[in-house]
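Below is one structure, written out as structure tokens, with a few remarks after it.
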Amino acid sequence: MDYNMNITTAQYQADMDGNNSNIQATVDGQEVHIPLDPANRHYAEILKQVEAGTLTVADAD
Amino acid sequence: MTKARQLADLGNAYDDGAITGSNMIINGNFSVSQRGVYTSASSVSNGFYYLDRWQLEVGVAGTLQDTGYKVKVVATSTANGVLAIKQSIEDKNIHPHKGKVVTVSCKVTSNSSNARIVIYADNWLDLGSQNDVHSGGGNEETLSATFTVPSNLSGFLQVRIGFENAESNGNPSVSANDYFEVSEVKLEVGDTATPFEHRSYGDELAKCQRYYYQSTSAHIFYACQYVASHKFVQWPHPVQMRVAPSSVVTYSSGSFSPHLVDNQHFKAYVSSSYSDTASYYTTSYKLDAEI
């Protein structure tokens, strides 16, 4: 069976220069900072769920 | 010493598992458990890691227990579904062996004849008669499966052990209290399962930390003033990680933001001026670069 992470919130985090540097997300109930690297399993899952239309990543504050 | 004696000694070393370096499985003897202590049976969730490098596939409710260089998984309900442990071997490690014959082996004790080895390599591999299945007699048996790593494998190779059929065969029928207990998992080049090799704990831990590491209770890092407006905390990973890791870090105070985290180091900053006399430091951290 496929493992679908339960991602309930996701928001880009900007660095001091205003560039998106990572995503702060709640994954399986835990707050996780996720680098923007497609080889990272959490980021890959976010990309998959965004593509499926089941998750939206909010813009950075 | 005669040549015959040297050969005999070499054969003994081989039989004892003293010839090392051939096992592509990490933590195959379940000695490393950074995430927690599982010496009591713990309920498991699908997709979660418990002992290092081993992920749970949970289609039937169950528990996991570290039974001392072995892991025991017990079904706690009756259903048709998968209950298995699995380890993914990253491309960098399996790449040199694409197109080659390899053998996975392990020791399994089970009361179910559904306990077996399954291989996923982009697709489910049909292991046919090359795949041993446990008799279900309750004794420890050595299971092995020999197969060819697809030459066109595009991702990772996954070794799965437990109550599972190949995908095309559907889910096995699992009953409450069915169990399997696994030890000495090995994946090696060739068509023969050779004795398990015992690496030192330090070597095994370092291999695991390429994929995950976390703080111990007494291990903290302090933030230092970097520019007039911000303090930084940073540290190198204990080994180079597979990829830039996801992080769960807690701090003594302040709102830290990870910055340019890569597979060699972690770094985060917090808004704080020179005149800020508060101490900022990590209170815990978990870094995850698993597959």
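At the listed q of 0.07, 0.11 Å⁻¹, the Debye profile of chain B, built from one uniform point per Cα, gives log10 I(q)/I(0) equal to -0.33, -0.73. Here's the picture: charge each Lys and Arg Cβ at +1 and each Asp and Glu Cβ at -1 in region B:136-291, and of B:Ser252, B:Ser183, B:Pro172 the one pushed furthest to the positive end of that dipole is B:Ser252. Relative to the Cα centre, the charge distribution of the protein assembly as shown, modelled as +1 at Lys and Arg Cβ and -1 at Asp and Glu Cβ, gives a dipole magnitude of about 580 debye. The separation of region B:18-96 from region B:100-159, counted between C-alpha centres, amounts to 15 Å. Charged neighbours of B:Ser42, selected by a Cβ distance under 12 Å, balance to +1 (K, R count +1; D, E count -1).
Which FRET efficiency value, to the nearest 0.05, do you get for B:Gln264 and B:Thr2 by plugging their Cβ-Cβ distance into 1/(1 + (r/R0)^6) with R0 = 56 Å? Given R0 = 56 Å and the Cβ-Cβ separation, E is 0.65.
Ordering B:Thr282, B:Asn46, B:Val101 by the projection of their Cα atoms onto the charge dipole of chain B, which places +1 on the Cβ of Lys and Arg and -1 on the Cβ of Asp and Glu, puts B:Thr282 at the extreme positive end. Cross-link check: pairs A:Lys48/B:Lys207; B:Lys72/B:Lys286; B:Lys186/B:Lys207; B:Lys72/B:Lys186 evaluated at a Cα-Cα cut-off of 19 Å; pairs beyond the cut-off: A:Lys48/B:Lys207; B:Lys72/B:Lys286.
Take each residue of peptide A:35-48, count the partner chain Cβ atoms within 10 Å of its Cβ, and average: the result is 4.
Placing pseudo-labels 7 Å out from each Cα toward the beta carbon at B:Phe48 and B:Ser154 gives an inter-label distance of 3.2 nm.
Value of Rg to Rh for region B:69-137, rounded to two decimals, is 0.98; Kirkwood radius and Rg both from alpha-carbon coordinates. Each part gets one Cα centre, and for region B:262-280 versus chain A those centres are 23 Å apart. Go ahead and estimate [θ] at 222 nm for chain B from helices alone: -39,500 (n - 2.57) per DSSP H run with n ≥ 4, summed, over the residue count, rounded to 500. Mean residue ellipticity at 222 nm (helix-derived): -2500 deg cm²/dmol. Computed from the C-beta positions of B:Asn177 and B:Trp235, the FRET efficiency with R₀ = 51 Å rounds to 0.65. Per-residue shielding of A:12-19, expressed as the average number of other chain Cβ atoms within 10 Å of the residue Cβ, stands at 2.
Each residue of region B:1-130 gets 178 Å³ once the volume of the Cα convex hull is shared out per residue. Would you mind checking region B:36-58 for residues with the amide N under 15 Å from a putative spin-label position 7 Å along Cα→C-beta of B:Thr216? Under 15 Å, as judged by backbone N against the label point of B:Thr216, lie B:36-37 of region B:36-58. Can you tell me what percent of all Cα-Cα pairs in region A:1-44 are more than 12 Å apart? So the portion of pairs separated by more than 12 Å is 61 percent. Contact order for chain A, expressed relative to its length and based on alpha carbon pairs under 8 Å spaced 6+ residues apart, stands at 33 percent. Rounded to the nearest angstrom and listed largest first, the equivalent-ellipsoid semi-axes of the protein assembly as shown from its Cα gyration tensor are 40, 25, 19. When the helices of chain A are scored as -39500 (n - 2.57) per DSSP H run of n ≥ 4 and the total is divided over every residue, the value at 222 nm lands at -5500 deg cm²/dmol. Mean projection of the Cα convex hull over all viewing directions, computed for region B:145-289: 13.9 nm².
Relative to the Cα centre, the charge distribution of chain B, modelled as +1 at Lys and Arg Cβ and -1 at Asp and Glu Cβ, gives a dipole magnitude of about 640 debye. Backbone geometry of region B:135-140 corresponds, through the Karplus equation with coefficients 6.51, -1.76 and 1.60 at θ = phi - 60°, to 3J(HN,Hα) couplings of 6, x, x, x, 9, 6 Hz, x marking Gly and Pro.
Close amide H pairs (under 5 Å, H built 1.01 Å from N) link A:Ile7 with A:Asp28, residues at least 5 positions away or on another chain. Rounded to the nearest 0.05, the FRET efficiency derived from the C-beta distance between B:Thr250 and A:Thr56 at R0 = 25 Å is 0.40. Taking label positions 7 Å along the Cα-Cβ direction at both B:Ser77 and A:Ala39, the computed distance is 3.8 nm, reported to one decimal.
Read-outs: derived from the displayed coordinates by stated rules, not from any lab. What you see is a predicted model, and the numbers here were worked out from it, not measured in a lab. In this analysis, Cβ positions are derived from the backbone assuming ideal geometry, glycine residues included, and neighbour counts consider all displayed protein chains.
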